[in-house]
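The values are calculated or read from the model by the stated rules, or taken from the named source; none is laboratory data. The structure presented is a predicted model; accordingly, all values stated were derived computationally and were not measured. Heads up, the Cβs are rebuilt from the backbone with ideal geometry, glycines too, and the neighbour counts pull from every protein chain shown.
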Amino acid sequence: MGLSNIEELDAMHIDVLRELGNIGSGNAASSLASFMGKEINIDVPNVRILDFNEVADYIGGPEKIVMGLLVDTIEDLKGMILYIFDDDFVKSVVKVFFDKDFESFSELSEMEISAFNEIGNIMASSYVNAIGSMTGMKIDISTPSIAVDMAGAILSYPTAKFAEIGNKVLFIDDSFGIGSTLERVKSNMILVPEMDSLNNLFTRLGVM
């Protein structure tokens, strides 16, 4: 019998998702390094199960201004991936990629917004490609949509769309080093799969 909601995931399921996250994040780091022309290293991601309220608090509170990048996953793994980039991540990317200082989200140019859109596309593609390679599942993603708003507002869309599977999401915390800087910056990935797809994934991996 399959899982009916994310809250039923046990330690073994989390370990599997952590390993998938590790492989996907490694692939993303390699792809981003090629795209940005800079060395990128990434720590082992931290995978948690959080409710939506905890997600907002974890990334700095519901009123914190962040950049959100949303993609839908389709084919064999249906659901949604939401990336949350805070100002530290954006500042680091703008400095490395455009050699300028980031002052505020409101001052980002169309070219800079486009670059973050591509970064989200690369990261999401790398993650689903890692899952596809390990499971044999056919997975594709939609064109990313991007928004700058308060964290609570950005989180409201997946909350409403996937309320039927429960109040929990998979929260993946990545820490990056970009270029020669020793300072680590974070991006947060929220994975909200449909339960039939998640059950299919675990079945393919022999976990169910």
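Condition check for residue 60 on (1) more than 21 Å from residue 194 (Cβ to Cβ); (2) in a strand (DSSP E or B): one failure, at (2). Summed over segment 67-96, residues that are touching a Ser or Thr at 6+ places or on another chain (Cβ under 9 Å), of a type in the set (Val, Ile, Thr) and assigned to a helix (DSSP H, G or I) total 1. For segment 150-186, the candidate set comprises residues that are at pLDDT 80 or above and not hydrophobic (A, V, I, L, M, F, W, C); within that set, the residue that is nearest to residue 105 (Cα to Cα) is 152. Looking across segment 62-78, the residues that are within 24 Å of residue 20 (Cα to Cα), crowded, with 16+ Cβ neighbours inside 10 Å and of a type outside the set (A, V, I, L, M, F, W, C) come down to 68, 72, 73, 76, 78.
Of the residues making up segment 90-113, just one is in contact (Cβ under 8 Å) with a residue 24 or more places away in the chain and touching a helix residue (DSSP H, G or I) at 6+ places or on another chain (Cβ under 6 Å), namely 97. Of the numbered criteria (1) at pLDDT 80 or above; (2) loosely packed, with under 14 Cβ neighbours inside 10 Å; (3) assigned to a helix (DSSP H, G or I), the one residue 53 fails is (1). Residues that are part of a loop (DSSP other than H, G, I, E, B) and without any contact (Cβ under 8 Å) to a residue 60 or more places away in the chain were ranked within segment 14-44; the one that is surrounded by the most Cβ atoms within 10 Å (Cβ to Cβ) is 44.
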